[in-house]
Amino acid sequence: MARNTVTPSEKPRTEQETEAVAVSLARSGNQNNLRNIGLIIEREFKNRVTQRSFKISTAIILILIIIGSFVPTIVAYISSISNSQTKVVVVNNAGTVAGMNNIALQQYFNATLNAATPGQSASTKPPYLINTVTTDAISNLQKQVKDGSTGVLLVLNRPPGQEVQYTYYTNADPVRDSNVSNVQGVAAQLTILDRASRLGLTPEQTSKLFTQPQFSTVNVGQSQNNRSVSDIVAGYILAYAGIILIFMSVYLYGVTVANGVAEEKGSRIMEILVNAATPFQLMTGKIIGIGAAGLAQMTAFVIVGISALLIQNPIKEALIGNNSAALNLNITGNSITLLLILLVYFILGFLLYATLFAAMGALVKRQDEVQNAIQPLTWLFMIGYFVSFFGIYNPDATWVKVVSYIPFWTPTTMLMRIGVGSATWWEILLTIVIMIVSIFVCAIFAARIYRYGVLMYGQKPSMRQLFKIARMK
Amino acid sequence: MGLTVEHIEKSFGQLHVIKDLSMEVKEGSIFGFLGANGAGKTTTMRMILDIIRPDSGSITWNGKDMRDIPRHNLGYLPEERGLYPKVEVQEQLLFLARLNGLSKTAAIEQLDEWLERFEIPQYRNIKVEELSKGNQQKIQFLATILHDPLILIMDEPFSGLDPVNANILKDAFLEMHSRGKTIIFSTHQLEQVEELCEDVVIIDKGQTIIRGSVREVKRQQGRNVARLKLDNDSEALWLDALEGVQVTKRRQDYIEMQIQSNLNPNLIVEEALRHGAIISRFELTEPSLTDIFIERVGKATLQDASPAIATQAGGMK
């Protein structure tokens, strides 16, 4: 496989040895296979987690996760304490409205306006303070609106025998004024009540008018297996999050493996290491050690993230009283299954790519050449990433299904298909089996390249030479 | 018995790097492995270590194939020094010693002892990249011997060391020697070979050109070396006219010459007195390994490399 066009006498020694220096296999070092791999795993793991850059990046990401997960609560809390009370003066010149006098009307406004805004605890002020009066002298009150001491002035008038007319005075910026829609809503409701009472309906009959109809949704889409809507939404969210998580982590830790191998070559400690352990042990130990450090980091992220979300219900209650349904994290059985599948695909994806990253790392001379050397792998990985994002709109297309069986793209694509509910359980099992087989094939391929690469400091071999190396024994 | 290398051959592609190389290293001896740059020393060492395999020929240790010798019996100091630059001394030495089969407690024991012997216990928790080159070299040496190997294979262990550190390393060599270890090392400082080694081999272009005990090698040259110092005549140009005498160096402190073995050295003294010289030094010695090396390897290299040199010179114009 090695070709040489330069005459030997001109060629410096280091390059004479560059081509096809294979570290011998099956040496007596094999006797200590497990012990050596264990020692290397331990070193790699410890080396990784004690690195300052690792600690700092972990800390920063953890802080970001905590801040991110507390944002909804913080926003709700800030809005609840900063929400100043709007003083509403209702001037009732319409007499009895919907059978209510001024006092009843004030109670009605109080109840409906303040109930319309959720998320308030008993300890904080209600957003609206209602005061109902009957007067003709509204110009004085209009002045109060103008100078801001009254937020809203609502004047009710009733021309004889007709409907109630509402006039709304405010000096708030019309773009940001949310009060007007609230008040308008209450006014509309009040008018309906008023009409009902004028038609002579009893209060019971009136309340019947307002009962909600019975309304249920059934999704008959073939793939959804009668999942509830919240499950489907949770599936989408977890699929998106999972794809991004897998993409970033497998790539990040894969590059770490390539860098680690290149570092050992660059610092030439490889020469000592190959005397003490076989290339296979070195490669396996490095991949598992770095993978374990990565898994520990990921686990920390996920646990901290979930606990930060879960811990918020008690905090939220203490801060703002009741729970608003919109902020609740709903971890259903399906989501937990998806998390487990995410874990399995992460591990398999990492192992598959890490073996290839290790082989690429073994082919460079120095660490600064790693980025270039791993470019083919980067592209390979990106394809799966993009397919899973395009495929999310059309998960049942044949080409998406085909792509999800190709091991390099399985982790992201399958995760997307599972998330949107287009994959069956046997497909999940089958892709996992395919991935495990591919990992073994790639590991053998990578170990052979590694064997040649670790002592090679010359020209990078071409793709064709690589395949020749991989076929040699 | 020791280490026996018999007729090994190795090619990388079309490059025939090692050609029919044989050598024998007695168990417990210190063995000098010499050759010019690119002669194939590193390749041969890697084959002895079974990191790479020869295409043909055999390498055995006490009659057993090298492949069946457990790894931890071998200690290797590569020519290109290598340690984890950002890892503390203790941590990486313990890792390497344990990888070579030592238990953790045994590794710590050995580490304590050797750090003390090398007078560097204060570097225990310092990152290797922060150490001076000489101290890095000591750490590298410790990485080679900490697991108490039977056979030490060292590629230029003395390069880059100041005289003080070289002496410490030399003492460590002798210590390992007294513990019965077999030491094979290559170097370009041939005085160290003369000082330390019983046997040597000199290879050139992958072939053995000289092998045997240091004394034998010197005697085989069939020549003696004489050193002469005259107080009143530092040049002694009349020496050039003497038959059977070839002046090799005219130094400040003496003149060195090779004399043919059949020439009676008294002749030189008589000739000096006849020229009215005051002799302050006259000694007969064997040729140094450096002389032999330059003569044998230099010749071989010169013949072969001349086209390459010519091309280079042409390119420089």
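Arranged from highest to lowest average of other beta-carbon atoms within 10 Å per residue, in what order do the peptides B:165-177, B:38-50 appear?
Working: B:165-177: 16.8, B:38-50: 23.5.
The packing order, highest mean first, is B:38-50, B:165-177.
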Query raised in the report: Would you list A:Leu141, A:Leu380 from fewest to most Cβ contacts within 10 Å?
Result: A:Leu380, A:Leu141
**Report entry** Straight-distance crosslink candidates among aspartates and glutamates, where the alpha carbon sits under 17 Å from B:Lys133 and sequence neighbours closer than 8 are dropped
**Finding:** B:Glu79, B:Glu80, B:Glu88, B:Glu119, B:Asp155, B:Glu156, B:Asp162
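Only Lys, Arg, Asp and Glu count, each charged at its Cβ (+1, +1, -1, -1), so figure out the dipole size of segment B:222-285 about its Cα centre, rounded to 20 debye.
Numbers: 8 positive and 10 negative charges, 44 e Å.
Dipole of segment B:222-285, to the nearest 20 debye: 220 debye.
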Report task. Under a 10 Å cutoff between Cα atoms, tell me which one of B:Glu270, B:Glu130, B:Glu91 has the largest fluctuation in the Gaussian network model of chain B. Result -> B:Glu270
Requested in this report: Sum -39500 (n - 2.57) across every DSSP H segment of at least 4 residues in chain B, then divide by the residue count to get the 222 nm mean residue ellipticity, nearest 500.
Outcome: -11000 deg cm²/dmol
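Calculate the mean, over all residues of peptide B:81-87, of how many other protein chain Cβ atoms lie within 10 angstrom of the residue's Cβ. Spell out each step's value before the answer.
Numbers: counts 5, 10, 4, 6, 4, 5, 6.
So the per-residue partner count for this stretch is 6.
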Query raised in the report: Using the 10 angstrom Cβ neighbour count as an exposure proxy, how do A:Phe54, A:Phe408 rank, fewest first?
Result: A:Phe54, A:Phe408
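Once you average over the residues of A:275-288, how many Cβ atoms of partner chains fall within 10 Å of each Cβ? Mind showing how you got there, number by number?
Values: counts 17, 14, 3, 1, 1, 0, 1, 1, 0, 0, 1, 0, 0, 0.
Shielding by partners across A:275-288 averages 3.
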Requested in this report: Return a whole-number percent for the relative contact order of chain B, with Cα pairs under 8 Å and 6 or more residues apart as the contact set.
Outcome: 19
Query - Too-long pairs where the Cα-Cα distance tops 31 Å, listed order kept, from A:Lys265/B:Lys181; B:Lys19/B:Lys104; B:Lys10/B:Lys249; A:Lys55/A:Lys265; A:Lys365/B:Lys170 - result: B:Lys19/B:Lys104; B:Lys10/B:Lys249; A:Lys365/B:Lys170
**Report entry** Peptide A:262-273 - average C-beta neighbours from other chains (10 Å radius)
**Finding:** 6
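Among B:243-255, A:337-349, how do they line up by average Cβ neighbours within 10 Å per residue, starting with the highest? The partial results should precede the final answer.
Details: B:243-255: 13.3, A:337-349: 18.9.
Put in order of decreasing packing, that is A:337-349, B:243-255.
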Requested in this report: Using Cα centres only, tell me the gap between segment B:191-255 and segment A:253-312 in whole Å.
Outcome: 57
Query raised in the report: Sorted by average packing, counted as other Cβ atoms within 10 angstrom per residue and highest first, what order do B:54-65, A:257-268, B:15-26, A:57-68 take?
Result: A:257-268, B:15-26, B:54-65, A:57-68
Requested in this report: Return the single residue from B:Leu74, B:Leu267, B:Leu93 with maximal mean-square fluctuation; model: Gaussian network over chain B, springs between Cα atoms under 10 Å.
Outcome: B:Leu267
Query - Estimated inter-spin distance, B:Asn232 and A:Thr191, nm [label 7 Å along Cα→Cβ] - result: 14.1
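How would you rank A:Val441, A:Val49, going from fewest to most other Cβ atoms within 10 Å of each one's own Cβ? List each step's numbers first, then the result.
On the way: A:Val441 12, A:Val49 15.
Fewest-to-most ranking of A:Val441, A:Val49: A:Val441, A:Val49.
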Report task. Using a cut-off of under 20 Å, list every residue of segment B:163-203 whose amide N is near the label point 7 Å from the Cα of B:Ser22 along the Cα-to-beta-carbon line. Result -> B:199-203
**Report entry** Among B:Leu273, B:Thr285, B:Ser261 the positive-end extreme of the charge dipole of segment B:242-288 (Cβ point charges)
**Finding:** B:Leu273
Query raised in the report: Rounded if a/c is under 1.5, else prolate if a/b beats b/c, else oblate: with a ≥ b ≥ c from the C-alpha gyration tensor eigenvalues square-rooted, which is segment A:84-201?
Result: oblate
Query raised in the report: Assigning unit charges at the beta carbon (Lys, Arg +1; Asp, Glu -1) and nothing else, what dipole magnitude in debye, to the nearest 20, does segment B:3-213 show about its Cα centre?
Result: 520
Requested in this report: Could you state the angle between the C-alpha long axis of helix B:133-145 and the longest principal axis of the C-alpha atoms of chain B, as a value from 0 to 90 degrees rounded to the nearest 10?
Outcome: 60
**Report entry** Separation of alpha-carbon centers, segment B:140-165 and segment B:257-276, rounded to whole Å
**Finding:** 44
Report summary line: Given a Förster distance of 45 Å, the FRET efficiency implied by the Cβ-Cβ spacing of B:Arg215 and B:Lys104, rounded to the nearest 0.05, works out to 0.50
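Rule-based calculations on the coordinates, nothing more; no lab input. All of these numbers come straight from a predicted model, not from anything done at the bench. Using ideal geometry, Cβ is built from the backbone for each residue, glycine included, and neighbour counts are taken over all protein chains shown.
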